[in-house]
1. Gain in length, residue 128 to residue 174, computed as 0.36 nm per residue apart minus the alpha-carbon separation, to one decimal in nm?
2. Residue 263 to residue 67: extension gain in nm, 0.36 nm per residue of separation minus the Cα-Cα distance?
3. Please compute the modelled spin-label separation between residue 283 and residue 141, points set 7 Å along Cα→Cβ, answer in nm with one decimal.
4. Could you work out the relative contact order of the range 265-349, using alpha carbon pairs under 8 angstrom and six or more residues apart, expressed as a whole percent?
5. What is the ratio of the Cα radius of gyration of the chain to 2.2 N^0.38 Å, where N is its residue count, to two decimals?
6. With all protein chains present and a 1.4 Å probe, how do 64, 190 order by accessible area, largest first?
7. Farthest toward the dipole's positive end in the range 17-259, which of 24, 111, 185, given Cβ charges of +1 (Lys, Arg) and -1 (Asp, Glu) about the Cα centre?
8. Over the chain, with every protein chain in place, what whole percent of the accessible area is carbon and sulfur at 1.4 Å, could you tell me?
Amino acid sequence: MKTEPTAGLVPATGRLVSELVRENIRALSPYSTARDEYVGELGVFLDANENPYDNGLNRYPDPYQRQLKRRLAEIRGAAVENIFVGNGSDEVIDLAFRVFCTPGVDCALSVAPTYGMYRVAAATNDVRMVEVQLGENFELDTDRLLAAAPEAKLLFICSPNNPSGNSFPHEQLRRLLSSFGGMVVLDEAYIDFSSRASFLAELDRWPNLVILQTLSKAWGMAGLRLGLAFASSYVTGLFTRVKYPYNINALAQRTALERLATDVAPQVREIVSERRRLAEALAQLPVVKHVYPSDANFLLVRFDDPREIYRRLIGAGLIVRDRSSIPGCEGCLRITVGTPEENGKLLEEL
Ligand SMILES: *Cc1c(COP(=O)(O)O)cnc(C)c1O
């Protein structure tokens, strides 16, 4: 008999993390698949109503992605039971709301500007989202943030932040984790491009922490849709209980395992060095007003006339993201760092 993992305490309140979980989710007994009842790999499988003729895809995938998680555990230096794999980070963000927030009752907290999915997932789950504007250079005021919604169940912090590109000091993250009464979701989608280390090394210290990473950016697998969450085994267990049984399809599991054998570090190094080259070259251009420092694989760049620049770049076949209508990003385009050739083309056009 497996023992239930312990929930741990929220440092700020001294209360159990399990008290933050919606009551219906705490009480939930999950759908049990044929693959839950019998786990071995060899045998004659007459248990899941599959087509018996082997075509490489006729069997249901492993609902727990065990092989993939073992490999990810090696790569990231985490324990398998602390890893959850979602259909993109977007699934994990949605699950966080579904597990911790009662629709129409609870609220969540984040900063602005930041990744748009937190707000969308809040809205689809009928959860009020309180957003606190970052400073002029996108710096974080932790006291203001904490005071904005002390009753919130979730706090989303993206570091390095999208679309601003800056990251927040670990000391600020610790302050939030020790003072916020709910769960802190730290989105590290761009951590591999950052000069700051991942916060993953501190996972064991914080029962109220969920760290998101993704295979969509540095790992180059955006098309596969694989998002990772690192959290206590209690929290990964909750996500596992609520997710669709076969949320990660067989092709995605198999392809990710194959591709994780390739070392992407040289690509990441090149992207980081291109980021520096691009930032320096952009700053020299007369049309550019400001290039914000970036710890990610994109640059937020302020122009005098962003709409006109955007339109002209499109005309030249160069697609960037217009962020100029977002409060705090007035005049700004977000430019992803491409290959040296692509970046050269962009500079030439500008
Ligand atoms: C791109 C991005 C992700 C990745 O989302 P996936 O669903 O895993 O592709 C997550 N968070 C942020 C802030 C991002 O910019």
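1. Residue separation times 0.36 nm, minus the Cα-Cα distance, leaves 14.1 nm.
2. In short, 68.7 nm is gained.
3. If labels sit at residue 141 and residue 283, their model points lie 2.7 nm apart.
4. That works out to 29 percent.
5. 1.07
6. Largest accessible area first, the residues go 64, 190.
7. 185
8. Carbon plus sulfur share of accessible area: 50 percent.
The values are calculated or read from the model by the stated rules, or taken from the named source; none is laboratory data. Every value quoted in this text rests on a predicted model; they were computed, and no experiment measured them. Methodologically, a virtual Cβ is constructed for each residue, glycine included, from the backbone with ideal geometry; neighbour enumeration extends over all protein chains shown. Keep in mind that these areas ignore ligands, DNA and RNA; they rest on the heavy atoms of the full protein, side chains included. Shrake-Rupley method; radii C 1.70, N 1.55, O 1.52, S 1.80 Å.
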